[in-house]
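S.K.: If you scroll down you'll find the structure; I have some questions about it.
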Amino acid sequence: MATRRNCATYPLSGRVTGLCENTYTGISRESTNSGGRQYRCSGGNSNRPAGKESCGCSYVDAQALEDHVWEEVVKLIGDGRRLEELAAEWIGLSEGDKEANIERISDLDRQIGELNEAITAVTVATAKRTRSAEAIAAATAPLGEELQQLERLRDEAAQWLSEMEDADRRGRDLRDLAKLARSSFRHMEPVQQAEILDLLEVRVTFTGPVPKELKTGTPCPVRAWYEAAGLEVPAAVLSDSDWRTVAPLLPQRPGDAIRRSVNAIFYKARTGMSWPEIISELGVTKTSADHFRRWSSDGTWKRVNEALTHTTRVPAWAPELLPPMTIEGRVDPRMMLSAAEPSRTGCR
Ligand SMILES: [Zn+2]
């Protein structure tokens, strides 16, 4: 079960539905070698009902998912102005209904009081005539039935009022949220994010499979190099002038094998292709992979990258972490009354 604490650490716990129609919850995998915060499909964990097979959904990187969803939520809210107007309207609307309801409850209370007095009077009057408990019960029975009916009506009205107050409170929360949205919505703590996701009833539905984790094999060493170095990759094949800049830093060989290797390594960093794919696509040889190994370990590759100060660069290729998904939320506070279901407190 997701707890409040879990919501704060994993604002999307319980809000994400996988392809298998089960829900994702946050889990820390620090004990495992993949590490870090992840969301896990409940159809695949060990708590699933006995005898049920694991759905096989992959874990989802928590940071990537949260960043993406939050970005969409910020878009959904816009600058908060419209949301604030709607919330204010809603609070005004419910105010009138609430007063009518409070009046109705006090009216019912008065009727109940009168009926109770009447029951007492009938009981006393009957007791004066007879000592029979049955006779007293028979005399008060019709009034008792009426009392029960009134009490039922009162309970309903009280329930209705508390739902209205609840919706009203959400309207006010939403108005505060909208105000906040105008100043600091984009940068919010996970706890605040969780509250807002709750308030907006945000639902994420994966519409495709989660990209598989790299379970075997090593990640692309070229990408790893750029990640570790914190550098971006030249955006295109090196121009002649770029080549003249870096050529003196590299081994001198006849022909263009070295230049082709350099471009192949950049290409691999940009696309994430495997060496066999690169070799068949660019017509280079396995030597390009050996070149990268040597140059990255002896500092040559660092010098080459640092020398290309005027070259347009792009981020190195990164594996796709997220599946395709739809993100829905309610921004119309008038929808909130119908959203007043038991599940709406807490984050599941
Ligand atoms: Zn699943």
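Read-outs: derived from the displayed coordinates by stated rules, not from any lab. Since the structure is predicted, the reported quantities are computational estimates derived from the model, not experimental observations. Methodologically, a virtual Cβ is constructed for each residue, glycine included, from the backbone with ideal geometry; neighbour enumeration extends over all protein chains shown.
S.K.: Order the peptides 9-15, 202-208 from the highest to the lowest mean number of other Cβ atoms within 10 Å of their residues.
M.R.: Per-residue Cβ counts within 10 Å, averaged per peptide and sorted highest first, yield 9-15, 202-208.
S.K.: Could you work out how much longer the chain between residue 135 and residue 287 gets when fully extended? Use 0.36 nm per residue separation minus the Cα distance between them, nm to one decimal.
M.R.: 43.9 nm
S.K.: Using 12 Å as the cut-off for backbone N distance, which residues of the stretch 287-327 belong to the label zone defined by a point 7 Å from the Cα of residue 71 along Cα→Cβ?
M.R.: Residues 321-322 fall inside that zone.
S.K.: What order do you get for 104-110, 58-64 when each peptide is scored by the mean count of other beta carbon atoms within 10 Å, highest first?
M.R.: Descending mean neighbour count gives 58-64, 104-110.
S.K.: What order, most packed first, do the peptides 251-259, 313-321 have when packing is the mean number of other Cβ atoms within 10 Å of each residue?
M.R.: Ranked by mean Cβ neighbours within 10 Å, highest first: 313-321, 251-259.
S.K.: Further question on the same structure: Check which residues have an amide H placed less than 5 Å from residue 325's amide H, if you skip close sequence neighbours.
M.R.: It is 207, by chain and number.
S.K.: How far is it, in nm, from the label point at residue 328 to the one at residue 63 when both lie 7 Å from their Cα along the line to the Cβ?
M.R.: 3.1 nm
S.K.: Count charges around residue 314 for me, please; just the other residues with Cβ under 9 Å from its Cβ, Lys/Arg as +1, Asp/Glu as -1.
M.R.: Surrounding charge for residue 314 is +1.
S.K.: Hey, rough spin-label estimate for residue 321 and residue 163, points 7 angstrom out along Cα→Cβ, what's it come to in nanometres?
M.R.: 4.1 nm
S.K.: Debye sum, Cα scatterers, the stretch 221-314, no solvent: what log₁₀ I/I(0) at q = 0.18 1/Å?
M.R.: Values returned for q = 0.18 Å⁻¹ are -0.77.
S.K.: Could you tell me how far the Cα centroid of the stretch 284-307 sits from the Cα centroid of the stretch 127-201, in Å?
M.R.: Using only Cα atoms to place each centre, the spacing works out to 70 Å.
S.K.: Follow-up. Quick one: work out Rg over Rh on the C-alpha atoms of the stretch 81-184, Rh as Kirkwood radius.
M.R.: Over the Cα atoms of the stretch 81-184, Rg/Rh equals 1.35.
S.K.: Which cross-chain or sequence-distant (5 or more) residues have an amide H under 5 Å from the amide H of residue 313, H modelled 1.01 Å from N in plane?
M.R.: 235
S.K.: Treating only the Cα positions of the stretch 56-125 as identical point scatterers, give the base-10 log of I(q)/I(0) from the Debye formula at each q in 0.14, 0.24 Å⁻¹.
M.R.: -0.72, -1.01
S.K.: Pick out, from 292, 237, 272, the residue whose Cα sits farthest towards the positive end of the charge dipole of the stretch 225-294, with +1 on the Cβ of Lys and Arg and -1 on the Cβ of Asp and Glu.
M.R.: Among 292, 237, 272, the one farthest towards the positive end of the dipole of the stretch 225-294 is 292.
S.K.: Starting from the 7 Å offset along Cα-to-Cβ, what nm value, one decimal, do you get for the label separation of residue 153 and residue 100?
M.R.: 1.6 nm
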